[in-house]
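Engineer: First the structure, then my questions, so here it is.
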Amino acid sequence: MSAEPARAYFGIGEVLAALRAEFPDVSVSKIRYLEAEGLIQPARSQSGYRKFLPADIDRLRYILIAQRDEYLPLRVIKDKLAEGERRSPRLGRFPVAADAQDSPLTRRELLDLTGIGEALLADLEEFGLVRRTGRLYGPEAVEAVRAVETLAHYGVQARHLRLLRTAAERETALIEQVVAPLLRQRQPGARQRAARTAREIATLILELHAAVLEAALADAGYGD
C-alpha cells in the first residue's frame, strides 16, 4: 500500500483522469450534463467545488458503459439506477441489473459484469470474500466485488479483509447453534422456519455490528 493517505473524495479533474483511459470522450461538460439531468449528485465543498466519492465514480462508470455498450438512453439508465437504489438502499454504489442480482452467474459473467480481472477474483476467493456453489456465483458475489472495489479507493486492500470472512464464519456458527432445535423438529415447514429465523438473526447481528462499530469510531474520536 502506498504511504500516501487515501483520499476521501476527488475533484472533477481527478475523476476525468480516472475515467478517460476507458472513456476517451468523457469531459467536464459531459459530467455536468449528467448532474443536471439528475443521474449523479456529487457533494459540494463550501466554496462550491464538486466532491466525488469513489461510489460516485463507480456510478459514472456504470452510466458511461450503459450508454456505450448497451446504447441506453439516459431516461432508461436513470430508471435502472433508481430501481437498484430501491433494491439496495443502503449501498452507496451503482446497481447491477435486476436479473443479474437475482440469477446465478458463471465466472465469465461475473468478470464481465463487475469489470475485475481473473487475478483479483482469484484473490477474493482465496481470502473467502467471494464464494461459489459448484461453478456458479450468487448475487452476493457481485455486491462483495463492488464493496471491495470501493474500499480499494480508500486504500483498503482485499487481503486486509480476510478477517471479515473469519467473523462471518463465527457468526454463522452461532446462528446454526440457535436454529438447530428447529431443524430437529419433524413438523412440516420446520426447515423453512429455521431458514427464516436464521435470516432474521443475521439481520439483527448486522444491525448490532453497525452499532458497535459506530460506538468504537466515536470512542476513537471519529464521531460526528
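The values are calculated or read from the model by the stated rules, or taken from the named source; none is laboratory data. Please read these numbers as outputs of a predicted model, since none were measured by experiment. Cβ placement follows ideal geometry from the backbone for every residue including glycine, while neighbour counts extend to all protein chains displayed.
Engineer: May I ask you to list the residues in the range 140-170 that are among the small types (Gly, Ala, Ser) and either within 19 Å of Gly115 (Cα to Cα) or modelled with pLDDT under 85 (or both)?
Structural biologist: Ala141, Ala144, Ala147, Ala152, Gly155, Ala158
Engineer: So which residues in the range 172-224 are under 21 Å from the mean Cα position of the chain (by Cα) and in contact (Cβ under 8 Å) with a residue 12 or more places away in the chain?
Structural biologist: Ala202, Ile205
Per-residue answers, yes or no, for (1) part of a helix (DSSP H, G or I); (2) in contact (Cβ under 8 Å) with a residue 12 or more places away in the chain:
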{"position": "Ala21", "(1), (2)": "no, no"}
{"position": "Arg32", "(1), (2)": "yes, no"}
{"position": "Leu39", "(1), (2)": "no, yes"}
{"position": "Asp58", "(1), (2)": "yes, yes"}
{"position": "Ile63", "(1), (2)": "yes, yes"}
{"position": "Ala66", "(1), (2)": "yes, yes"}
{"position": "Asp69", "(1), (2)": "yes, no"}
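Engineer: Which residues, counting only those in the range 207-224, are of a type outside the set (Gly, Ala, Ser), loosely packed, with under 12 Cβ neighbours inside 10 Å and either in contact with a helix residue (DSSP H, G or I) (Cβ under 6 Å, 6 or more places away or on another chain) or assigned to a helix (DSSP H, G or I) (or both)?
Structural biologist: Answer for the range 207-224, where residues must be of a type outside the set (Gly, Ala, Ser), loosely packed, with under 12 Cβ neighbours inside 10 Å and either in contact with a helix residue (DSSP H, G or I) (Cβ under 6 Å, 6 or more places away or on another chain) or assigned to a helix (DSSP H, G or I) (or both): Glu207, Leu208, Val212, Leu213, Asp219.
Engineer: What number of residues within the range 100-157 are more than 15 Å from the chain's Cα centre (by Cα) and closer than 18 Å to Glu169 by Cβ?
Structural biologist: Summing the residues that are more than 15 Å from the chain's Cα centre (by Cα) and closer than 18 Å to Glu169 by Cβ in the range 100-157 gives 7.
Engineer: Now a separate question. Specify the residue that is surrounded by the most Cβ atoms within 10 Å (Cβ to Cβ); the eligible residues are those in the range 103-155 that are among the small types (Gly, Ala, Ser) and over 27 Å from Leu19 (Cα atoms).
Structural biologist: Step by step, filter the range 103-155, then rank; the result is Gly138.
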